[in-house]
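*Asks:* Structure incoming, see below.
The values are calculated or read from the model by the stated rules, or taken from the named source; none is laboratory data. Computed from a predicted structure; not experimentally measured. Note: ideal-geometry Cβ built from the backbone for every residue, glycine included; neighbour counts use all protein chains shown.
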Amino acid sequence: MVFELPPARSVATNPTQEEMRGWVLEYMSRIQETMFGNLNYEAEMTARLVRSTFFIADEDIRQSRMPRPEYEKWATIQDAYIADKDMILIEGYVGPDPEFRAGARLYIERTQANIPAMQQQLYFPKDDEWEPVFTVIYTPGLPATGLSNNRLIAVDVDNYTTRILGSDYFGEAKMGSLRMWNRYVYERGGLALHSGLKVFPDVDGREKVALILGLSGTGKTTSTFRQQLDSLPVQDDFNALMPGGKVYATENGCFAKTFGLDPDDEPTIYGGTTRPDAWLENTHVNPDGTIDFFNDSHTANGRSTFPLESIRHRDPRALPPADYMLLLNRNENIIPAVAKLKREQAAAYFMLGETKGTSAGGAAEMGKNLRVPGTNPFFFRNDALQGNRMHELLETMPDLEVYLLNTGRIGGTDGDDLSKKVKIYHSAAVIEGFVADTIEWVEDPDFGYFVAASLPGFDDEELLRPRMLYERQGRSDEYDAIVASLTEERREYLRSFPGLDPSIVAAI
């Protein structure tokens, strides 16, 4: 049975980009046109509202939840609000493959037309077979009075419906469908990965696929779009991993972070962002229309959307099985620039999901040391299900290589003269090294994974073997203390998940 949308005064179904641009200019304030001809909206919200997001459930799911009677109360309030509003309906697919795609739709007030315009760039176009699976009902003008921040993101995965009240941040619309897609994939025997995806067109005579997992803002999109060995980006945010390593993409466009965007370091993203058809949000635009990508006076979480067709990329359909999985860890102490994980370690490090929070997660995460299973803050139930499913999937992929990449620092925080930064070109050299099989590996005596003894094109061996940095600086005791505390903390963390396969805990 198809969920019926609440009636409105009028509904514009699948308007063009030009029509929505017109409504943006007509109805919206805080809009700036850039020198490239695209529009930037300075949103009141600068990140996802983690504390305002709830899954609808009456039992404990080890996620933030809202009982169904309370959800139904808010649904009634939202439906009544929509009754006299002019709405926009955007329809399309999450995923391009006919055998694995889901119809999706966004229903939102016309007075916030930048959000459906951005979402339209990410959906794959509907066809004659389209029917809705996911529904996102979005009312930026309606506050959820009395709740945290007077805003609400209510995710009813049982009925594949998400209701959003009070936020004007585009990321809530995008993640509205993708949170529900997490369950959709799980029910089909796979796992939704918060990951980029890229292909290397000719490695040993065939195409190879890399999945790049990481929290938003940790280098996932940058690593995906960097063109090592003529690699081509496929996807920048979510992919499905199925038995045997089969992968499916989700989106027809890119949602990229714009703060710090440099045409030399990230030419593909810069090219897509500076086109007239791109949309910007919370990116600093000067009064003369020039963009200052390094100004974070409003937020460091500026964003852009643009269609994949705007850039050189690999068609996201009919992808071969995955060859590599990269777990990004933005650390600042003893995690090397790259470590190659043993098979028994892969599910454990996936489950640990260690990194430092960024502005993408809002004030609740920024700058804090985090553990987010799978680096996926959008999973719908007990995260032990993620770890166990990954363990099961790895058993069907004996040739998959799994790596841990530090995209942060070694030896201390930013501003500490004793620390060193793992820069973009370092991570690029790492990826090129393991794909070309030019890295010489040695086992790390403390953690049991493999670290690089040599890596062509890499200019600092202390980033590859952090103990060397600590020993040179007379900090060996500090290094040993971090090893001991980190190992115990990891084991305790993994033990906290009821139902997690004991072999995953034992791998640390």
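*Asks:* If Thr76 passes every condition in (1) closer than 15 Å to Thr161 by Cα; (2) in contact with a strand residue (DSSP E or B) (Cβ under 9 Å, 6 or more places away or on another chain) but one, which one does it miss?
*Replies:* Thr76 satisfies every listed condition except (2).
*Asks:* Count, please, the residues in the range 1-19 that happen to be within 21 Å of Glu172 (Cβ to Cβ) and either touching a Pro at 6+ places or on another chain (Cβ under 6 Å) or in a strand (DSSP E or B) (or both). Spell out the reasoning first.
*Replies:* Of all residues in the range 1-19, those within 21 Å of Glu172 (Cβ to Cβ) come to 3, 5-6, 8, 11-12, 14-15, 17.
This time we only want the ones that are either touching a Pro at 6+ places or on another chain (Cβ under 6 Å) or in a strand (DSSP E or B) (or both), so: 11-12.
Result for the range 1-19: 2.
*Asks:* Moving on to the next point. Would you point out which residue out of Pro456, Pro498 is within 22 Å of Leu370 (Cβ to Cβ) and not charged (D, E, K, R)? I'd like the intermediate steps shown before the answer.
*Replies:* Working: Pro456 fails: within 22 Å of Leu370 (Cβ to Cβ).
From the options Pro456, Pro498, the qualifying one is Pro498.
*Asks:* Separate question: Kindly indicate the residue of the range 40-63 that is over 19 Å from the mean Cα position of the chain (by Cα) and small (Gly, Ala, Ser) and also farthest from Asp292 (Cα to Cα) among those meeting that condition.
*Replies:* Ala57
*Asks:* Next question. Scanning for something under 22 Å from the mean Cα position of the chain (by Cα) and either without any contact (Cβ under 8 Å) to a residue 40 or more places away in the chain or not assigned by TED's automatic domain parsing to the domain that holds Lys257 (or both), does the range 64-85 turn up at least one residue? Give the steps one after another, and end with the answer.
*Replies:* Applying the first criterion (under 22 Å from the mean Cα position of the chain (by Cα)) to the range 64-85 yields 64-65.
Okay, now just the ones that are also either without any contact (Cβ under 8 Å) to a residue 40 or more places away in the chain or not assigned by TED's automatic domain parsing to the domain that holds Lys257 (or both), so 64-65.
Scanning the range 64-85, I find at least one residue that is under 22 Å from the mean Cα position of the chain (by Cα) and either without any contact (Cβ under 8 Å) to a residue 40 or more places away in the chain or not assigned by TED's automatic domain parsing to the domain that holds Lys257 (or both), so the answer is yes.
*Asks:* Which of the residues belonging to the range 375-398 are farther than 18 Å from Leu494 by Cα and under 19 Å from the mean Cα position of the chain (by Cα)? If you could, list the steps in order and put the result at the bottom.
*Replies:* Residues of the range 375-398 farther than 18 Å from Leu494 by Cα: 378, 380, 393-398.
Within the range 375-398, Phe378, Phe380 qualify.
*Asks:* Moving to a separate point now. Quick check on the range 1-28: of everything there that is touching a residue at least 24 places away in the same chain (Cβ under 8 Å) and β-branched (Val, Ile, Thr), which residue is surrounded by the fewest Cβ atoms within 10 Å (Cβ to Cβ)?
*Replies:* Top of the filtered list is Val2.
*Asks:* Could you tell me whether any residue of the range 349-367 is modelled with pLDDT of 95 or more, within 30 Å of Phe124 (Cβ to Cβ) and surrounded by fewer than 24 Cβ atoms within 10 Å (Cβ to Cβ)?
*Replies:* no
*Asks:* Sticking with this one: In this structure, is Gly92 assigned to a strand (DSSP E or B) and assigned by TED's automatic domain parsing to the domain that holds Asp156? Talk me through it step by step, then tell me what you get.
*Replies:* On the way: assigned to a strand (DSSP E or B): yes; assigned by TED's automatic domain parsing to the domain that holds Asp156: yes.
The answer is yes for Gly92.
*Asks:* Exactly one condition in (1) in contact (Cβ under 8 Å) with a residue 60 or more places away in the chain; (2) touching an Asp or Glu at 6+ places or on another chain (Cβ under 9 Å); (3) of a type in the set (Ser, Thr, Tyr) is not met by Thr224; state its number.
*Replies:* (1)
*Asks:* Of all residues being touching a helix residue (DSSP H, G or I) at 6+ places or on another chain (Cβ under 9 Å) and part of a strand (DSSP E or B) in the range 204-231, which is surrounded by the most Cβ atoms within 10 Å (Cβ to Cβ)? Just the residue, please.
*Replies:* The selected residue is Ile212.
*Asks:* Residue under question is Phe458, and the condition is that it be closer than 25 Å to Ala322 by Cβ, in a loop (DSSP other than H, G, I, E, B) and not charged (D, E, K, R); does it hold?
*Replies:* On the way: closer than 25 Å to Ala322 by Cβ: yes; in a loop (DSSP other than H, G, I, E, B): yes; not charged (D, E, K, R): yes.
Here the answer is yes, as Phe458 does meet what is asked.
*Asks:* In the range 194-203, which residues are buried (at least 20 other Cβ atoms within 10 Å of the Cβ) and farther than 30 Å from Ile88 by Cα?
*Replies:* Within the range 194-203, Leu197, Lys198, Val199, Phe200 meet the criteria.
*Asks:* Got at least one residue in the range 182-190 being surrounded by fewer than 23 Cβ atoms within 10 Å (Cβ to Cβ), in a loop (DSSP other than H, G, I, E, B) and in contact with a strand residue (DSSP E or B) (Cβ under 7 Å, 6 or more places away or on another chain)?
*Replies:* yes
*Asks:* On to the next question. Among the residues of the range 415-448, count how many are touching a Gly at 6+ places or on another chain (Cβ under 9 Å), of a type outside the set (A, V, I, L, M, F, W, C) and either closer than 28 Å to Gly474 by Cβ or in a helix (DSSP H, G or I) (or both).
*Replies:* Filtering the range 415-448 down to residues touching a Gly at 6+ places or on another chain (Cβ under 9 Å) leaves 418-422, 424-425, 427-429, 432-433, 438-439.
So of that shortlist, the ones also of a type outside the set (A, V, I, L, M, F, W, C) come out as 419-421, 425, 427, 432-433, 438.
Narrowing further to those that are either closer than 28 Å to Gly474 by Cβ or in a helix (DSSP H, G or I) (or both): 419-421, 425, 427, 432-433.
Of the residues in the range 415-448, 7 are touching a Gly at 6+ places or on another chain (Cβ under 9 Å), of a type outside the set (A, V, I, L, M, F, W, C) and either closer than 28 Å to Gly474 by Cβ or in a helix (DSSP H, G or I) (or both).
*Asks:* For the range 305-320, indicate whether the set of residues that are in a strand (DSSP E or B) and buried (at least 20 other Cβ atoms within 10 Å of the Cβ) is non-empty. Spell out the reasoning first.
*Replies:* First pass over the range 305-320, keeping only residues in a strand (DSSP E or B): 305-307.
Okay, now just the ones that are also buried (at least 20 other Cβ atoms within 10 Å of the Cβ), so 305-306.
Yes, some residue in the range 305-320 is in a strand (DSSP E or B) and buried (at least 20 other Cβ atoms within 10 Å of the Cβ).
*Asks:* Assess whether Ala484 counts as being on the phi < 0 side of the Ramachandran plot, among the small types (Gly, Ala, Ser) and touching a strand residue (DSSP E or B) at 6+ places or on another chain (Cβ under 8 Å).
*Replies:* Details: on the phi < 0 side of the Ramachandran plot: yes; among the small types (Gly, Ala, Ser): yes; touching a strand residue (DSSP E or B) at 6+ places or on another chain (Cβ under 8 Å): no.
Criteria not met by Ala484.
*Asks:* Next question. If I ask for residues that are buried (at least 22 other Cβ atoms within 10 Å of the Cβ), part of a loop (DSSP other than H, G, I, E, B) and not hydrophobic (A, V, I, L, M, F, W, C), which ones from the range 114-158 would you list?
*Replies:* Tyr123, Pro140, Arg151
*Asks:* Which one of Ser476, Ser427 is of a type in the set (S, T, N, Q), buried (at least 19 other Cβ atoms within 10 Å of the Cβ) and either in contact with a helix residue (DSSP H, G or I) (Cβ under 8 Å, 6 or more places away or on another chain) or on the phi > 0 side of the Ramachandran plot (or both)? It would help to see each step written out before you state the result.
*Replies:* Details: Ser476 fails: buried (at least 19 other Cβ atoms within 10 Å of the Cβ).
Testing whether each residue is of a type in the set (S, T, N, Q), buried (at least 19 other Cβ atoms within 10 Å of the Cβ) and either in contact with a helix residue (DSSP H, G or I) (Cβ under 8 Å, 6 or more places away or on another chain) or on the phi > 0 side of the Ramachandran plot (or both) leaves just Ser427.
*Asks:* Something else now. Out of Gly37, Gly22, I need the residue that is among the small types (Gly, Ala, Ser), outside any loop (DSSP other than H, G, I, E, B) and under 30 Å from Thr290 (Cβ atoms). Which one? Break it down into steps so the answer makes sense when it comes.
*Replies:* Details: Gly37 fails: outside any loop (DSSP other than H, G, I, E, B).
The match here is Gly22.
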